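The numbers here are math on the coordinates, done by the rules we state, and not lab data. These numbers come from a predicted model, not from an experiment. With ideal geometry, Cβ positions are generated from the backbone for all residues, glycine too; neighbour counts draw on all protein chains shown.
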C-alpha cells in the first residue's frame, strides 16, 4: 500500500529529524527565544534577501493564518479571499471565530485577480452607506493555491500594487511554498515574495517538518507585542526549539528547496504516467498536486493499493482525484502506481 | 553552566525521541486519527482506569486550557480560578480573548477550597440581579499548583462534590501532573483524578515530551464536534502523529511515571542541599519545584553558573527563587550547585 | 422638501407616542420585566396564534440579528444567508464579530431557494473533510427581503422543511414585516410565520416605533438565560418599558397592520405615478420599497425636492433609486413628486 | 405604594418627553447624523468646555462601557477596574465577551487609588514574563461609584497622572454623573472631567431620559471608524434622533443639572429622615443613593409600601438596603416613608 493522499503523510525529512536528535539534550530557553529560533530566523531573512524582516514560528497553517489575519486587521476590517481560499473553505471558520469577516471573491483556478479587487474597492469607497460595510484591510492569497496553481511575477506585482493603492496588506499563505518556489513553471522567487508581500509564511508541515510555519513580516510591520498575541491564541510553544531547530535545518544548505524539488520531480513523473495512459486532468497544476479524472471503477481499483484524496465528483461515474507528492515519495511508489493503471 | 530554570529546558526524553525516530517514515493519516494517537488514547484510558474516557491531543498548556474551558462553557458562564491560577495570571488573557470571564477566588498556597466555593455559590444564587452576573460553570484547578502544592484526596473529593451540587464541571490543569502523581506526599492517583474530575489534561511538554498535552474527558462529555472546535482554534495538528507517538511512548512501560519519579528524586536532593546549608524556603512544595529564599548577593553569585527563575522579591535584599527539576536533571548538576552555595 | 429616503425618517406613529406619554410617570420595574413588556408579549403571542412563544424586545435590527444568530448557533455552526442578506451585506460584520461565519448563497430577487439549500447540505454531509468545514446551523431570510420581495407560503414551507431535514433553525428578519403582511400580493400570515419559523422578529423601528424589534421564539426554544445573553451584548435596556409600551400600542386594535397598510397604499400610488410617466422599474416589489430606474439628469432634478436613496448605478447615465413609504408618507407628498416628474 | 428602588423607575423628565413630542413628525436622517444629535453634541462640548471633543450617543450603560472599552483597547490590553466596578460585577461579563480581561483591583468605598495603580504598574513592567501577562491599557472608574461615593478633584488628578505615566486611557463611567456633579460635597466639575479623562460618558437613562448615554472622547481620540464599530456591536440606532433629541433637551437651560439637583435634594431629605429616626448607614454617600441598615422586620414592614433594593445581608437579622432618588421622586413620597418608619 502506498500513499499519495497528501504531503503530510510521513514524519520529518531525515535531515530535519537529525537536527532534533543532535540538539535534544542541550539546554535552551523557551517561547521562541532559543538559539535555534534565532538562527533559523537569520537564515530565513537571508534566504528572503530581506534583512529587516521579523520572523515568528507557529505550529500549523490554520493557526498561522488566523493569528496573522486577526492580529493585523483593525476591528472594522475584513480580509478578501478567493472563494476557494483555505481560510474561507477549509479552516472551520477560524478567522470569523476571532471576529473578522472574510470577503469572498471569485477565482480563476484558485487565484485572485488584481483588476477584480480594484473594481471591488472602487465600488466600496463609492458606497454612501460605507460605515455599514466591512472595510477590506487585507488580501489573502495562497501560493501555490489550493488547486496547485501559481501566481506569475506580473500577477503578484499587480496584487501588491492594488493593495498599496487601497492601504491593504498582502498576505501569502505559503503552506506549500516549497513546491511553488521549485516548480519549473514559475518566475517568482522567495526574494520577490518578501519584496511584494507585507507578510507571508513559509510552510514547514507540508514540506518536510513535523510541524511549523515560519511567519515573515517583511518591513518591521509585525503587530506590536506579537508574542503576547500568539500566547493569547494558544500559539506560543513552550519548547519553541522544536520549531527553531527544524527550520534551522530546512534553511541550511538549501534543504527546503531540495525537498521542494524532489516532490516536483516526483509529481512530474506521476503526471507523465497518467498522461501516457490517456487519463485527463481536471486542471493544469505546475506544483506537487495533480488532479486526475478517473472513472468510479478505476478509483475503486486504485484505492486498494494507493491512498488518494477524492476532490470532487463530476458526475455519477467520473471523479476528480488529487494526488500529492512529498519528500518521502519514491520512484518505486510511482512504478507501482503505473503498474496498477 | 547548569539550568534549574524550568522543566522545559531540554528536548524530549530519549525514549520519547526514539519513538519519533522509529515511526518517522511510516505513512499515517493526519489530524489525530493516526495509529499512534489511537493507541496512546487507549493506553491513557487504561492508565486512568476510565474506559469511557475521550482523549484528545493538543500542543501546549495555554492552548489546552483555553480550548477546554471556552468550548465547555455555555456563553453565559465563566470559570472559577484561584487568583494564582495559570489561566488568570500567566496566559495573556487567553480565556477572556475567547469571550469568557475568569471569576477569581482567594487561594491558600495556590489551592482553592471547596467551602469557599460553596459560600460563593450560595450568595450567587441568592442574588436578585442574577441575570446581570456571570454564571459559574466550571472550576479550574491546577495540580500541582503554580506553587508546587498538591490537593489531597479529601480536598479533591470535596471540590468534586461542590461542583456536582452546582452543576459545574471540575477541570484540572495537569501541566505538571507527572510530578503530582509521583510525589511522595500525595494520596491522589490518576484513577482518582479520572473519577473526580470532569476533564483534565496530562501534561507532556513539562514532563519529557517536545510538546503535547493529552486532554481527557472522563464521562463522554467532550463538547460535540470537538475536532472542529480544535480546528477553529488553530489547535488541530496536521501531523497529529507527533503528539500521538510521544504519548504512546510516555504511556508505555510506565515511562511517564518514571520521568516524574526522577524529577521528584532530584528535587528532594536539591531541597536537602539547601536545607543543609541553612537556607529557608518560601513554602513547602512536595513536587518538582522548590522555592528558596536567597539574598541578592547569593542570587548574583549563583546566576553565574546556574540558571534559575526569580519568583518574587520579598524586600530589597531577599528574593524568592524557583528551582525546577526535570527528566534531564543530573546528580552532577546538584553537586555543582552544592559546591556553589 | 419631502423624503422617500427610507421608512425611518420620522419619529413614532402618533398612537405609539401617545402610549409613551400616558405611561411616562408610572413606576415600572426595569430590564423588560415591566407590565408593558409583559402585556405586549401576550398581545404578540395572540396575534401570532402561538401561545407557547417567548417574546423579547431588542433595540434595533442589527442588534436583534446578531443576538439571535450568535446565541442560537453552536460554536461549530454558521448561518446560511443570501449574498444580499442584510447580515451579510450591511451590518458591518456584526455576526462574524461575535464569532460565526455567514455562509453566503446565491439569491433570486433577494430570496433563497429551498432546493439550493438542500443541494448544498447534501454535498456538505458527503464531504470527507467535514470537520474542517463550518456546519450550517441556521438559515437566515428576510421577509420582505432587501429588495422588497416576498416569500410565498409554498416557498416558506419548503424552506422550513429543508431546515427540519438538516436540523437547522429557520430565522426570519422581519425588520419590515408590517409591509410584508399587508402587501396585496402575499399569502403568508403572521400565524404562518410563527408556525414555519423557529424564530423571527417583528420590526418596530421601520414600522412606526421610535426603536424596537420584538424577537419571537416560536416553540420554547429561546437559548437558556437569554436575558443574560442580551445583557452581555449590551442589548438589555434598563427602561425596557420604552420598548414594551411601544409594542403594546402597535399590537392594540391592529395598529401594526394599519401602519403597514397605509405604507402599502402609498407605495402603490407611488408606483402608479412612475408607471404612468413611463419610467421602468429595476424589479417588481410588492411591498413599501420601489426601485425605479432614472437618468442621471432626472435624479439630479428630483433630489432638489425629494430625498431618495441611490441603490446602484447601472451605467454612467442610468441609476436605480429606492423610494420607501412609511406611516408618515402623505398623499400630498406623492402629488408633489408627480408634479416634479 | 412608592418606589425608591432605583433611578430608572419612571419614564422621561417632562421636558425631555416634550422635545420628543415636538420633533416627532420632522424628517431626520438616521444613524446619529440628524440635526438633534449634532446640536446635542455641540451643547455637550460647550458644557464640557471641550471644543475638540467627539460625542457619540449610545443606548445604555453596559453597551457604552463595552463599546468604549473594547474598541479603545489594543488586543494585548486589559482594563483595570475596582472589584466593585460595574463592568466587573454587574454587566454579565460583557467586556470579556468581547475579548478583553478586566484586571480587578481593591477599592475603598468603590474607589480606586492612584498609588495602588502605580505600584501595580511598577511590578508589572518589572516582570520577566511580561509577554505572558495582560497589559493594562485603561483605567475604568465610575463617578459616582456603585456605592454612591465620589472622587475628589485631587484623587481624579492623581488617577489622570498615573494613567499618563503608563500610557493608559482614563475612562469614567458617568451613568449617574448628574448626581455626582450636583452633590453638595464635590469639587469636580464637568470641565474637570473633560480635562482629566480621556473618555467618559454622561448618563441619560438614570438621569431623566428614556434611554441614552453620551460618550465623550475628549481629545480627538475616538477610535477610527467609531460609527462602524458601533454598528458591528449592534449599538448604532437607526432613529438616532431619539437619543439626540433627548440629550438636546437635557443640555438646554441646564436641565441635566436641575434633574441632578432635585434628586440630591430628595436624597438629603431621605437621609435626614433615617438619621432622625436613629437608623445607621452602611456608608456615607454624597449622591442620590443611600445605603441604610435595617432589621429584617423593618425591611418586611417597609416593603409592603416602599420598593427598595436589598444590597447585602450583614447577618441573619441586619440588611443593607439601597434607596435611590430620581427626577420623579416627590416630597410626598418621603413623607409617606417617614410615616412608615
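Things worth noting here:
- Extending 7 Å from the Cα toward the beta-carbon at both residue D:275 and residue C:296 defines two label points whose distance is 7.5 nm.
- Temperature 10 °C, viscosity 1.306 mPa s: under these conditions the Stokes-Einstein estimate for segment B:44-93, based on its Kirkwood radius over C-alpha pairs, is 124 µm² per second.
- Over all pairs of different C-alpha atoms, segment B:219-297 has a mean inverse distance whose reciprocal, the Kirkwood radius, equals 16.6 Å.
- For segment C:299-339, a Kirkwood hydrodynamic radius built from all Cα pairs, placed in the Stokes-Einstein relation at 37 °C and 0.692 mPa s, yields a translational diffusion coefficient of 286 µm²/s.
- Volume in Å³ per residue [convex hull over Cα atoms, computed for chain C]: 138
- Space enclosed by the convex hull of the alpha-carbon atoms of the protein assembly as shown, per residue, Å³: 179
- Debye equation applied to the C-alpha atoms of segment A:134-204, log10 I(q)/I(0) at 0.14, 0.20 Å⁻¹: -0.38, -0.76
- By the count of other C-beta atoms within 10 Å, a proxy for reagent exposure, A:217, D:291, C:124 are ordered fewest to most as C:124, D:291, A:217.
- Shielding by partners - mean other protein chain Cβ count within 10 Å, residues of C:18-24: 4
- Compactness check for segment C:160-199: Cα Rg over 2.2 N^0.38 Å is 1.26.
- Its Cα gyration tensor gives segment A:193-255 an equivalent ellipsoid. The semi-axes, each the square root of 5 times an eigenvalue, are 20, 18, 9 Å from largest down.
- Every pair of different Cα atoms in segment A:77-138 enters the Kirkwood calculation, which places the hydrodynamic radius at 12.3 Å.
- Computed [θ] at 222 nm, deg cm²/dmol, the protein assembly as shown (DSSP H ≥ 4; -39,500 (n - 2.57); rounded to nearest 500): -12000 deg cm²/dmol
- Cα centroid separation - segment B:115-138 against segment A:161-217, whole Å: 51
- Rg/Rg_ref, segment B:165-276, where Rg_ref = 2.2 N^0.38 Å and atoms are Cα: 1.23
- Segment C:12-68: mean projected area of Cα convex hull, nm²: 4.9
- Radius of gyration (Cα atoms) of segment C:244-341, expressed as a multiple of 2.2 N^0.38 Å: 1.21.
- As a calculated quantity, the FRET efficiency between residue B:310 and residue B:284 at R0 = 22 Å, using C-beta atoms, amounts to about 0.65.
- Distance between modelled label sites at residue C:331 and residue B:152, nm, 7 Å Cα→Cβ extension: 9.0
- Here is the tail figure for segment B:276-318: Cα pairs spaced more than 16 Å apart come to 39 percent of all pairs.
- The translational diffusion coefficient of segment A:97-238, from Stokes-Einstein at 20 °C and 1.002 mPa s with a Kirkwood hydrodynamic radius over alpha carbon pairs, comes to 130 µm²/s.
- Once C-alpha pairs closer than 8 Å and six or more residues apart are averaged by separation and normalised to the residue number of chain A, the relative contact order reads 26 percent.
- Across segment D:68-152, C-alpha contacts under 8 Å between residues 6 or more apart give a mean separation that, scaled by the residue count, equals a relative contact order of 40 percent.
- Packing rank of B:257-266, D:158-167, where each peptide gets the mean count of other beta carbons within 10 Å, highest leading: B:257-266, D:158-167
- Here segment B:249-287 and segment D:19-55 have alpha carbon centers that stand 68 Å from each other.
- Measuring nothing but how far apart in sequence close Cα pairs (under 8 Å, 6+ apart) lie, relative to its length, segment B:214-341 scores a relative contact order of 22 percent.
- Within the listed set C:112, C:177, C:236, the Gaussian network model of chain C (springs between alpha-carbon atoms below 10 Å) gives the highest mean-square fluctuation for C:236.
- Look at the stretch D:51-63: the mean tally of other chain Cβ atoms within 10 Å of its residues' Cβ atoms is 3.
- Residue by residue along B:315-321, Cβ atoms of other protein chains within 10 Å of the local Cβ number 0 on average.
- In angstrom, the C-alpha Rg and Dmax of segment C:14-156 are 18.9, 63.
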